[in-house]
Amino acid sequence: MGVIVKRKGMLLIISGPSGTGKGTLVKKLMENDPSIRFSCSVTTRAPRTGEIDGIHYHFIDDAAYDRLLAEDEFLEHATVHAHRYGTLKREVETQLSAGKNVLLDIDPQGAISVMNRVADYVSVFILPPSFNALRVRLHTRNTDDPVEIERRLRNARREVLNIDKYQYAVINDDLELAYFQLQSIVNAEKQRTTRFCPTILED
């Protein structure tokens, strides 16, 4: 084929209230798209069942978090549901400069912080079909106590008010449909001429 293709890395921000199923969508996207690299954030919370250090998060203590903060190592950082989270700036920049697509699965507070600091990104907000459905999902997940669930619901009501700060929105009522929509967004953004740079040859 008489064409040379160069690609620039894409920063993909997927966010939404806790319990909307964004983690499931992210996992499905990662399994089906080898071009995407997951940005492993740091957190001071304890691992949930099945979570692996260095894969899902870098689990650190408050002292280590304070050191990273003092050394300006975070692209964004936030305290969410009484736990501290942060995205490592160096990890993201290294992957993007190598032409990789980097996925940030972060809470809305962190997502908005990144969008305020970075010029080129693709942002997707994942919504539940209703707040009642969100409550059911949080209870079904069975990882939080009732007080924590109510706090997450209160936060969700505030977080959805910022939907206009995102470029895209997906309602996760039907998983397969939501995944198809997310995948379509990602595939279209890969072909944007700011990232997809083909040169046609004479042959």
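A short reminder: the numbers here are calculations on the coordinates, not readings from a lab. On a predicted model such as this, the values are computed, not experimentally measured, just so you know. Glycine also receives a Cβ, built like all others from the backbone with ideal geometry; neighbour counts cover every protein chain displayed.
Counting only alpha carbon atoms, the long axis of helix 108-117 and the longest principal axis of the chain meet at about 40°. Of all the Cα-Cα pairs you can form in segment 94-203, what percent are over 18 Å apart? In whole percent, the share of Cα-Cα pairs in segment 94-203 beyond 18 Å is 62.
Suppose every K and R has +1 on its Cβ and every D and E has -1 on its Cβ; what is the size of the dipole of segment 1-112 about the Cα centre, in Debye to the nearest 20?
Result for segment 1-112 is approximately 560 debye, rounded to the nearest 20.
If you take all other residues with their beta carbon under 12 Å from the beta carbon of Y65, and give Lys and Arg +1 and Asp and Glu -1, the sum is -2.
For the residue pairs K27/K165; K8/K165; K22/K190; K28/K89; K28/K100, the C-alpha atoms sit more than 22 angstrom apart in K27/K165; K8/K165; K28/K89. Between Y57 and I52, the built amide H atoms are under 5 Å apart, and every one of these is 5 or more places off in sequence or on another chain. Going by Cα centres, segment 8-31 and segment 106-185 are how many Å apart? Between the Cα centre of segment 8-31 and that of segment 106-185, the gap is 10 Å. Compared with the rule-of-thumb size 2.2 N^0.38 Å for a compact globular protein, segment 1-109 has a Cα radius of gyration ratio of 1.17. Sparsely packed loop sites in segment 1-75 (the trypsin sites (Lys or Arg not before Pro) outside DSSP H, G, I, E and B with at most 13 other Cβ atoms within 10 Å) comprise R48. Here the chain is treated with +1 on each Lys and Arg Cβ and -1 on each Asp and Glu Cβ, and its dipole about the Cα centre works out to around 300 debye. At most 12 other Cβ atoms within 10 Å plus a DSSP loop assignment makes a site exposed; report the longest stretch of the chain without any exposed GluC sites (Glu not before Pro). Answer from the scan: 72-201. Quotient of the Cα radius of gyration of segment 60-146 and 2.2 N^0.38 Å, N being its number of residues: 1.31. For segment 136-203, the list of chymotrypsin sites (Phe, Trp or Tyr not before Pro) that fall in a loop by DSSP and count at most 10 other C-beta atoms within 10 angstrom is empty. Diagonalising the gyration tensor over the Cα atoms of the chain and scaling each eigenvalue by 5 before taking the square root yields semi-axes of 30, 22, 15 Å, largest first.
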